[in-house]
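Structure first, then comments.
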Amino acid sequence: MGTVVDDAAAAEFHEFFEAHYAELARLAHLLTGEADAADDLAADALLALWHRWDRVRNADHPVAYARGVLANLARTRIRSAVRERRRIALFRAPRGGGYAVDDPDVSTIVDVQGALRRLPFRKRACVVLRHAFDLSERDTSLVLGISVGTVKSQTSRAVAELQRLLGPETPTAQVQVAVAAQRGGGTH
């Protein structure tokens, strides 16, 4: 999906690029605080401008337009970095409570691992984050980018499906303990 531009427009864009690239990179560095990301953001902003060059070149203030595009890209990058840092922090945070497993039933763990692999990703992720990593419903929702209600329903359905896969004689608590045993590495 390229933009068809005549030679005059291409020359105008090249001139605009040469005149404003360094300024846009400086702006990106100041907005994000990341020198390494500044060149990438400036290049991404200019690429976006190139795809819309017919609109940009006819704008009242093309440089302001470019700065706005760059600011939006920087905001997106910062938000992504913040979300990623939160996700990483969730896994580093000390967790209390949960299920203490001193001497796990290895055969049950192996069975649970097999059953977990049969679950759809979201259900598997919810039950593992909730029980093996002892995350709260809220923290699980942040990690997966879904609502707390979805975490509740997917976790409940996952545990029910695990019970079905493991057999009706396997109580919910035993499934949860077996999943929690994975916290220490379990059996691979």
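The values are calculated or read from the model by the stated rules, or taken from the named source; none is laboratory data. This one's a predicted model, so the numbers in the text were calculated from it and none came from an experiment. Please note: Cβ atoms are built from the backbone with ideal geometry, for glycine as well, and neighbour counts cover all protein chains shown. Only protein heavy atoms, including side chains, enter the accessible area calculation; ligands, DNA and RNA are left aside. Shrake-Rupley method; radii C 1.70, N 1.55, O 1.52, S 1.80 Å.
Here are the numbers for this structure:
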read-out	value
Residue within the range 23-31 that is under 27 Å from the mean Cα position of the chain (by Cα), within 30 Å of Ser141 (Cα to Cα) and modelled with pLDDT under 90 present	yes
In the range 22-50, the residues that are surrounded by 15 or more Cβ atoms within 10 Å (Cβ to Cβ) and closer than 22 Å to Asp6 by Cβ	Leu46, Ala48, Leu49, Trp50
Criterion (surrounded by 14 or more Cβ atoms within 10 Å (Cβ to Cβ) and modelled with pLDDT under 85) met by exactly one of Ala100, Ala74, Ala115	Ala115
Unmet requirement for Trp53, which otherwise passes all of (1) open to solvent by less than 40 Å² (accessible area, probe 1.4 Å); (2) within 31 Å of the chain's Cα centre (by Cα)	(2)
Matching residues in the range 130-159 - criterion: being part of a helix (DSSP H, G or I) and within 17 Å of Arg83 (Cα to Cα)	Glu137, Arg138, Asp139, Thr140, Ser141, Leu142, Val143, Leu144, Val148
